[in-house]
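Report on one structure; see the data block that follows.
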Protein chains: 2
Amino acid sequence: MPLGGVDEIGSNMTLIKGPQEDIIIDCGFLFPYEESFDINYLIPNLSSLDPARTKSIIITHGHEDHIGGLSHLLELIPHLTVYVTPFTHQLIEKKLAEKKIRFQYQIYRPDQEIAFADVNITPIQVNHSIPETNGLIIRTKNLSWGALYISDFKVDLKSQHEAPMNLKLISDLLRPCHKTVFFIDSTNVISDGKTPSENELQHDLAEIIQRPEKRIFLTLFASNIHRLNKIVELANANDRKVIILGRSLRTYLEAARESGHTEINLEDLYTPEQAKNLNSKVLVLLSGCQGDFHSALRRFSFGEDPHFKPTYGDLVVFSSKVIPGNEKKIYRIYNKLTQFGADVITASDYLIHASGHPGKADLKLLLEAFRPHFYFPIHGESYMLKKHQEFILANFPEVKVNVFHNYQEAILSDEEILINHHPVMEPILIHGLGLEIERSQISQRRKLATQGAVFISYNRKNNGLEISTLGLPILVESRLEQLKKNLSQMLLGDLQHRAESYIKDQLKISTRQYFNHFLGYKPVTEVHLN
Amino acid sequence: MPLGGVDEIGSNMTLIKGPQEDIIIDCGFLFPYEESFDINYLIPNLSSLDPARTKSIIITHGHEDHIGGLSHLLELIPHLTVYVTPFTHQLIEKKLAEKKIRFQYQIYRPDQEIAFADVNITPIQVNHSIPETNGLIIRTKNLSWGALYISDFKVDLKSQHEAPMNLKLISDLLRPCHKTVFFIDSTNVISDGKTPSENELQHDLAEIIQRPEKRIFLTLFASNIHRLNKIVELANANDRKVIILGRSLRTYLEAARESGHTEINLEDLYTPEQAKNLNSKVLVLLSGCQGDFHSALRRFSFGEDPHFKPTYGDLVVFSSKVIPGNEKKIYRIYNKLTQFGADVITASDYLIHASGHPGKADLKLLLEAFRPHFYFPIHGESYMLKKHQEFILANFPEVKVNVFHNYQEAILSDEEILINHHPVMEPILIHGLGLEIERSQISQRRKLATQGAVFISYNRKNNGLEISTLGLPILVESRLEQLKKNLSQMLLGDLQHRAESYIKDQLKISTRQYFNHFLGYKPVTEVHLN
């Protein structure tokens, strides 16, 4: 039963419900789809979990859409054991240490089966865009059912930094099972071809880093440790000093070093302070390839970094893609950099980014290696799930493909899969210091933002009336005297003898109408009587 | 001198400043780049215009980024003569009639020279995505200079619904000039190839409209009258009844009919009311292909249209592109439609949309027909202008390419072009009933949206203290008593005897700190004393 990650990209969380226990796979967060005013993230509604039946969570990999909700989950079920690989463990520990949350964990290794009460689970190393990503093979004790669950992967047959995904092992483990079912990534299903290998980027990255520009700035997803290693290697080979700007890059590199995925030692690198006066060629790596508001890239691009300002002759390289929804933020950065005189290079100029998700050709490779009886597209928006379903039906007509949704259970009976559904629960909005905020309050904020606010206080003793406005055009100031007169007149009449709530309502209605007349909208109005 | 449309896409407006008079080309609006809370649009700052020197404005075509600021301009300079073609005139008249603005106009025809005091201007019909789009050839009286100004075009050599752009005429008109300069569209310069002809879409559109689905819904840019004609023709040929949903489609079709660009008569079509009970196959055309909040498409996709609800077996066709920044709104619509069971087809499935702007191959065709001495990329963001410049420099090294910016003048001397700049003026934010709103007020709104608000009033006579909150998490309610106690204690002490502004400030600071402690941010706080 998915609690998140179906009909949406993000907040991945799935329950394996056995007769004896429930096992959780992942607990991620999601950035909200519609404007929600600094609300940091959404997490699945956890109130449907049964803490008495739930002892274990398996984390497939360290991306935030798989681990970002963990602190909230551990507050609710502190006794959980977190099954995790060494690199992912480092990431989680750094994150939870900030919030002073401790947790029990168990390190797992790919290909080594873990026995639970109702099922055995074998993690399978897959290729993605962060080290130590795993799919899961879940088999019932009597092998009546075998499932392959891979929420994030691509088939990178040319991978050099890690083994290519072991398609043979998957079919070896599933072959003995009576019935089989796949749960598979839909993120990139709109793409027809084969997702490029991370390895294919080396040619163009090398060409760029060899260029004569004294200063090259490069941004990428901070979790892509393999690419970071390759880029730093190329910088060293070209006598470019490497500088790191941004907390996120530092965190991932520390975790990578502590788990043996990189030789890069932050302590050996030049600090931005030192690098400023360096006469050598430099490569500055920046966090924030999505244009995030407080990122190193954005600060630099807007000329606000204390050590580096973009200028003529600088080269700024985006070894990344634009995640849908971030276009305006990122194009704004291209424009700012151009205005400062820098040259901008993106993945539409060179092959310097490869997705971590399967295109249609990748999915074909997987199904050619092993044809399951049943198939569920997961990890995608509704539109993508359906396109994924249509693609599998068209190419592998013998596979039964179903789309299911959050809070629907795929019940594995003897021969069939039944779909059963629980009431859908809205995800929780988290903001500020990790607090929940209600949807009604978000719409209140939307009203404040689009209509501004008026505050009115009336002192019944001395007829004192004060009016102030927030976020209204300045011309409004000149109209406040007239409003004050109108309201005073109302108050001096019959109104002052009525019930308090009635007076408040009347003042509110008149004020909103007064503004509506010349603004064309009614500001949020709050009235105090005392 | 551009006042808008350079370093941005939208609010196109350019001044031709001669010794005797200034002529305006276009006056458009722009949708703001960053979130600005229901602010409707931006227009160029008009205060640098000299009404005494300015008698004429030429409109190149009827898109909103070329005519959307006209009502504000005419309020400032009511005596302007608007040079316009018949279809564009219809569009402007409908728009200004709503605002009860009258204007003088002069109909112009392509290829017919218009004489002004300092220059002669010949409009040149070009291919774009709306009927009656023109480039301008501007020549000084003594032919010392000839300029080609085309802010929007593509080279559609296969065009059937209108003549292909007359490249020969352009070179014939410019050849006699001593020096020549181009000002050219950058919108689509990132695209390497040739922009497809509108004509090339017919095959796939026909295939789709022939499909067996009883109900086909199709959305497109409402101004693309040629495509609308073709689609309605295909529907008629396939016995599909056509229904129009959306004000914008109706307005453009009315203007097109009044100027002879379409046979479609809105009065002959089935109303949505009638069509509901129709047994025939239908084609429903909807406005709102960018997912706009109040559009017919959005209402339909969310199941909120009174006559049509999406369901299994429906086909919804997007004969359009996603304008950057609208991804989330549009993907949300794909997802909603999918959740209702409808099938979604977009321009990534079939060739059913063609841009109206030149790719690199289109630009080459233009420069191969006539090689100017000077060249300015216009109509694009900074990043695109630079890519455009690099492309022309690389392929036509004898052409001098300069990027200029809003409020910079390109001064045509005898042999050279000098760039001269005026202080940049920020564009004006227009909202509500066409009123200006200041940037400071927008940032006030941003604060209200991201931090919520607290309103406190204190009655010094009776120590009455009232506190209310807007847009804060509901748990805050339980903390208000404690805040009230804290503030009352402050007021009962020394504070009450201090100056009013000091009391207000102290109450504000304490309140913001109190909330910050458990929310992690400080709400906007307003205090009244009376």
Subject >> Average Cα contact separation per residue, chain B, under 8 Å, 6 or more apart, as relative contact order % >> reply: 15 percent
**OP:** Calculate, in whole percent, how much of the Cα-Cα pair population of segment B:209-251 lies beyond 13 Å.
**Re:** 54 percent
Subject >> Relative compactness, the protein assembly as shown, computed as alpha-carbon Rg over 2.2 N^0.38 Å >> reply: 1.02
**OP:** With a/c under 1.5 counting as rounded, go ahead and sort segment B:57-197 into rounded, prolate or oblate using the C-alpha gyration tensor (a ≥ b ≥ c being the square roots of the eigenvalues; past the cut-off, prolate if a/b is larger than b/c, else oblate).
**Re:** oblate
Subject >> Heavy-atom accessible area per residue - segment B:403-483, 1.4 Å, Å² >> reply: 47 Å²
**OP:** Name the aspartates and glutamates eligible as straight-distance cross-link partners of A:K484: C-alpha to C-alpha under 12 Å, and not fewer than 8 places from it in the same chain.
**Re:** A:E466
Original post:
More than 23 Å apart: what percent of Cα pairs in segment A:1-108 qualify?
Top reply: 23 percent
**OP:** Write down the Å³ per residue value for the convex hull defined by the alpha carbon atoms of segment B:139-185.
**Re:** 75 Å³
Original post:
If you wrap a convex hull around the C-alpha atoms of segment A:365-450 and split its volume per residue, what is the figure in Å³?
Top reply: 170 Å³
**OP:** Could you let me know the centre-to-centre spacing of segment B:496-530 and segment B:48-75, using Cα atoms, in angstrom?
**Re:** 48 Å
Original post:
Using the C-alpha gyration tensor of segment B:290-429, what are the square roots of 5 times its eigenvalues, in whole angstrom, with the largest one first?
Top reply: 44, 20, 10
**OP:** Please check chain A for the longest run free of chymotrypsin sites (Phe, Trp or Tyr not before Pro) that are loop-located per DSSP (anything but H, G, I, E, B) and have at most 14 other Cβ atoms within 10 Å.
**Re:** A:1-292
Original post:
To the nearest Å, what is the center-to-center distance of segment B:91-107 and segment A:313-379, using C-alpha atoms only?
Top reply: 46 Å
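Calculate for chain A the 222 nm mean residue ellipticity that helices alone would give, adding -39,500 (n - 2.57) per DSSP H run of length 4 or more and normalising by residue count, nearest 500 deg cm²/dmol.
On the way: 15 runs with 159 residues, N = 530.
Estimated from H runs of four or more residues: -9000 deg cm²/dmol.
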**OP:** Over the whole of B:382-390, what's the average partner chain Cβ count within 10 Å per residue? Rounded to a whole number, please.
**Re:** 5
**OP:** Distances from B:H178 to the same position in the other copies: list them in nm, one decimal, shortest first, using label points 7 Å from Cα along Cα→Cβ.
**Re:** 9.5
**OP:** Within a 10 angstrom radius of each residue's Cβ in B:453-464, how many Cβ atoms of other chains show up on average? Whole number is fine.
**Re:** 6
Original post:
In the protein assembly as shown, what percent of the accessible surface is made up of carbon and sulfur (1.4 Å probe, ligands and nucleic acids excluded)?
Top reply: 49 percent
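Before I look further, what does segment A:11-138 give for accessible area per residue, probe 1.4 Å, in whole square angstrom?
Accessible area per residue, segment A:11-138: 36 Å².
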**OP:** Would you mind giving the total buried accessible surface between chains A and B, with a 1.4 Å probe and ligands, DNA and RNA left out, rounded to the nearest 100 Å²?
**Re:** 6500 Å²
**OP:** Loop only per DSSP, at most 16 neighbouring Cβ atoms within 10 Å: give me the trypsin sites (Lys or Arg not before Pro) in segment A:405-469, ordered by residue number.
**Re:** A:R460, A:K461
Original post:
Relative contact order, percent, of segment B:269-428 when contacts are C-alpha pairs under 8 Å separated by at least 6 residues?
Top reply: 13 percent
Subject >> Pairs of Cα atoms farther than 13 Å apart, segment A:164-205, % >> reply: 73 percent
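For segment B:259-315, take N as its residue count and report Rg(C-alpha) divided by 2.2 N^0.38 Å. Spell out each step's value before the answer.
Working: Rg = 13.0 Å, N = 57, 2.2 N^0.38 = 10.2 Å.
Here the Cα radius of gyration is 1.27 times the empirical estimate.
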Original post:
In degrees, nearest 10, range 0 to 90: what is the angle between the Cα axis of helix A:480-492 and the longest Cα principal axis of chain A?
Top reply: 60 degrees
Original post:
Over segment A:145-240, one equal point on each Cα, no solvent: what is log10 I(q)/I(0) by the Debye formula at q = 0.14, 0.17, 0.21 Å⁻¹?
Top reply: -0.71, -0.90, -1.15
**OP:** Starting from the Cα of A:K364, draw a straight line to each of the aspartates and glutamates and keep only those under 17 Å, dropping any in the same chain fewer than 8 residues away.
**Re:** A:D152, A:D156, A:D185, A:D192, A:E390, A:E398
Original post:
For segment A:188-277, what does the alpha-carbon gyration tensor say about shape, rounded, prolate or oblate, given a ≥ b ≥ c as the root eigenvalues, a/c under 1.5 as rounded, and a/b over b/c as prolate?
Top reply: oblate
Subject >> Sites matching GluC sites (Glu not before Pro) across segment B:236-320 that sit in DSSP coil, with at most 13 neighbouring C-beta atoms within 10 Å >> reply: B:E263, B:E304
**OP:** Output the direction-averaged projected area (hull surface divided by four) of the convex hull of the alpha-carbon atoms of segment B:436-530, in nm².
**Re:** 6.8 nm²
Subject >> Size descriptor, Kirkwood hydrodynamic radius, that averages inverse alpha-carbon separations across segment B:358-409, Å >> reply: 11.4 Å
Original post:
Considering only Cα-Cα distances, which of the following residue pairs are longer than 27 Å: A:K321/B:K194; A:K154/A:K386; A:K387/A:K447?
Top reply: A:K387/A:K447
**OP:** Could you tell me whether segment A:206-358 comes out rounded, prolate or oblate from its Cα gyration tensor? Rule is a ≥ b ≥ c as square roots of the eigenvalues, rounded for a/c under 1.5, then prolate if a/b exceeds b/c, otherwise oblate.
**Re:** rounded
Original post:
Taking the radius of gyration and the Kirkwood hydrodynamic radius from Cα positions alone, what is the Rg/Rh ratio for segment B:284-335, to two decimal places?
Top reply: 0.93
**OP:** May I ask you to give the average projected area over all directions of the convex hull of the Cα atoms of chain A, in nm² rounded to one decimal?
**Re:** 30.8 nm²
**OP:** Give the Rg/Rh ratio for segment A:305-355, taking Rg as the radius of gyration of the Cα atoms and Rh as the Kirkwood radius, to two decimals.
**Re:** 0.99
**OP:** Between the alpha-carbon centers of segment B:228-277 and segment A:108-156, tell me the distance in whole angstrom.
**Re:** 55 Å
**OP:** Sort largest first and round to whole Å: the equivalent ellipsoid semi-axes of segment A:359-506, each the square root of five times a Cα gyration tensor eigenvalue.
**Re:** 63, 19, 12
**OP:** Please give the helix A:382-395 orientation as an angle from the longest Cα principal axis of chain A, in degrees from 0 to 90, rounded to the nearest 10.
**Re:** 30 degrees
**OP:** Percent of Cα-Cα pairs per 5 Å bin, from 0 to the last occupied bin, for segment A:446-499, please list those.
**Re:** 4, 16, 25, 20, 16, 12, 6, 0
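Compute the projected area of the convex hull of the Cα atoms of segment B:417-469, averaged over all viewing directions, and report it in nm² to one decimal place. Could the numbers behind the result be given before it?
On the way: hull surface 31.4 nm².
Mean projected area of the Cα convex hull: 7.8 nm².
The values are calculated or read from the model by the stated rules, or taken from the named source; none is laboratory data. Only a predicted model underlies this, so the values are computations on that prediction, with no experimental measurement involved. Note: ideal-geometry Cβ built from the backbone for every residue, glycine included; neighbour counts use all protein chains shown. To get the accessible areas, we keep the full protein, side chains included, count just its heavy atoms, and leave off ligands, DNA and RNA. Shrake-Rupley method; radii C 1.70, N 1.55, O 1.52, S 1.80 Å.
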